[in-house]
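Just so you know, all these numbers are worked out from the coordinates, no wet-lab data involved. From a predicted model like this one, the values you see are computed outputs, not experimental measurements. Cβ placement follows ideal geometry from the backbone for every residue including glycine, while neighbour counts extend to all protein chains displayed.
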Amino acid sequence: MELKIGVQELSRALSRSQGIVEKKSTMPILSHVLLEATKGGQLSVSATDLDISVSSEHACEVLKEGRACVPAKQLYEIVKALPEKDVLLKRAANNWLEVKSGSAEFRIVGLAAEDFPALPRFEKVQLVTVQPRQLLELIELTSFAASSDETRYNLNGVFFEPADGSLRAVATDGHRLSLAERPLPGDFHVKKGVILPRKGLTEMKKLLLDTVEGETKLGFIESSAVLRRPGVSLAMRLIDGAFPDYRQVIPKAGEKRFTVGRERFLDTLRRISLLSSDKAHAVKLELEAGRLRVLSQNPDLGEGREEVPVEYQGEPLKIGFNARYLMDVLGAMVNLEPVAVQDVAMELADDLSPGVVKPAGESATAFTAVVMPMRI
């Protein structure tokens, strides 16, 4: 294999592999990328961890066809530091790869390309054209609430459920729940919904942020999800498990509903939680007519309090929450299009019932978050 390619183009290709390749694996080849040069002047760059795989095509000058398998991190770091605009890649004896750019020369120890795991080929997958921005919103509005507890594997991702011309995304870790829905016509041929893993969604998000141009297609087949954009394909294994009935978790409208400025509430929570306990991030909300008092107390550090003006005329209520959970919700709302949410509405029933947070006004149906209370 021998080819010449632009440094920026190769760097972009290798950057996609960095979040996928396994740094510490019992299979060393999973920390490598597969480079394949073909007759048509194309370089294919592929990476996989056996659950998630990405493959992209890049224009180059192919001097000799062939394949090479080299460490992903080392090659990426070298390419980023090269002095010239172009780089020459050449496979040498014993699977070594020679890298030349200007006066800089490197030789990297590789592995046999034949040993690289075969990437999944989904020729029969029925793909649906989607709006990149809408799919990105669904991920950003829900993925923060997915569980990181590996023992609850069915909660380690986001549940995608097609419903009547729209796509609904739901995530929960048992302490909070996030639900978003976007109009998305097309038949995904999915009956009960699917669970996409957190790591796979992180890589999907990177691809969606990479460029807004070009057609984006999404499909599900054989316990896998496939995303295709111009010149790049991402496949991930779905989580095999039953997602809980999220509809039972969302409470009916609470009697005590107040409206507050999103940024002001978020900034207050950031400040007051500085003196909350490290693990619980506990803050107390004291709701009264026209105002919300936010308090934190830590025997070792001290206490903090701040008042926020709110639209509320009901009975007083005191309730505790994990401040980080509320901040995650308020922070995610900046991703609601067409403009970031200015005001949020919070519905409460009593000091032991979950709080429901929604955008105030017309966007109320686009996003719903549920946060369980804390005893303080």
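At a glance:
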read-out: Volume in Å³ per residue [convex hull over Cα atoms, computed for region 222-263]; value: 179 Å³
read-out: Alpha-carbon Rg/Rh ratio, for region 128-247, with Rh computed the Kirkwood way; value: 0.93
read-out: Alpha-carbon spread of region 251-371, three principal axes, descending order, Å; value: 44, 31, 24
read-out: When each of Lys23/Lys85; Lys124/Lys192; Lys23/Lys100; Lys4/Lys206; Lys24/Lys192 is checked by Cα-Cα distance, pairs over 32 Å; value: Lys24/Lys192
read-out: Coordinate range along principal axes, alpha carbons of region 73-143, Å, largest first; value: 46, 30, 21
read-out: Cβ-placed point charges (K, R +1; D, E -1), dipole of region 27-69 about Cα centre in debye, nearest 20; value: 180 debye
read-out: Taking only Cα atoms of the chain, radius of gyration then Dmax in Å; value: 24.7, 79
read-out: Sum of -39500 (n - 2.57) over DSSP H runs of 4+, divided by residues of the chain (222 nm, nearest 500); value: -5000 deg cm²/dmol
read-out: Residue among Leu167, Ser17, Met204 farthest towards the positive dipole end of the chain, charges placed on Cβ; value: Ser17
read-out: Coil-residue trypsin sites (Lys or Arg not before Pro) of region 95-172, DSSP, other Cβ within 10 Å capped at 12; value: Arg121, Lys124
read-out: Dipole in debye (nearest 20) - the chain, about Cα centre, beta carbon charges: Lys, Arg +1; Asp, Glu -1; value: 440 debye
read-out: Once the Cα gyration tensor of region 2-115 is diagonalised, semi-axes √(5λ) in Å; value: 20, 15, 14
